[in-house]
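Remarks on the structure that follows.
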Amino acid sequence: MINSLLRYGFIFTLLLLVAFVAHLAMLHVLGLPLFANSIVGCYVFNYVIAIAVFVALLLLKDKLSGSLGFLFMGGSMIKFGLFFLIFYPEFHQDQDVSRVEFASFFIPYAISLIVEVYFLSKILGR
């Protein structure tokens, strides 16, 4: 379990850091403000929630192995619910969620989702 968590944590951290730097570089190239639209908060939020969900799934894999998919989906629902409570009001202040605001949340969310699914499928495949 510790080995899976360390491997997941290392790969996930590395991928999210690379994505964050690439995201900032793209904003710079486009001449947009680098740290607007809660970009740091969105990356940190997705990182923390993804780690928490993965740890929970690792802890529950022996007891509830048949339900891990549902637990994963529940974690995703919680992540979206918290997003709508924390970030959506700020993004929607002007009654419009811009592409830059959407990308601030969706890029780290998508990377988190892909890495979580990959590692969860490896765990279930054992």
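Data table
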quantity: Residue in segment 29-36 that is hydrophobic (A, V, I, L, M, F, W, C), surrounded by 14 or more Cβ atoms within 10 Å (Cβ to Cβ) and at pLDDT 85 or above present; calculated: no
quantity: Pair list, Cβ < 7 Å and 6+ apart or interchain, from segment 1-22 residues that are touching a residue at least 12 places away in the same chain (Cβ under 8 Å) to residues that are surrounded by 15 or more Cβ atoms within 10 Å (Cβ to Cβ) and among the small types (Gly, Ala, Ser); calculated: PHE12/ALA50
quantity: Condition met for SER98 (farther than 19 Å from SER4 by Cβ, of a type in the set (Gly, Ala, Ser), at pLDDT below 80 and out of contact with any Ser or Thr (no Cβ under 7 Å at 6 or more places or on another chain)); calculated: yes
quantity: Test: residue in segment 40-62 that is more than 30 Å from ILE2 (Cβ to Cβ), buried (at least 16 other Cβ atoms within 10 Å of the Cβ) and touching a helix residue (DSSP H, G or I) at 6+ places or on another chain (Cβ under 8 Å); calculated: no
quantity: Cross-chain or 6+ apart pairs with Cβ under 6 Å, segment 98-126 first and of a type in the set (D, E, K, R), then modelled with pLDDT under 85 and buried (at least 16 other Cβ atoms within 10 Å of the Cβ); calculated: GLU101/ASN37; GLU101/PHE91
quantity: Looking only at segment 96-126, and only at residues there that are hydroxyl-bearing (Ser, Thr, Tyr) and under 18 Å from MET26 (Cβ atoms), the one that is surrounded by the most Cβ atoms within 10 Å (Cβ to Cβ); calculated: SER104
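The values are calculated or read from the model by the stated rules, or taken from the named source; none is laboratory data. As the structure is a prediction and not an experimental result, all values here were calculated from the model. Neighbour counts run over all protein chains shown; Cβ positions are idealised from the backbone, glycine included.
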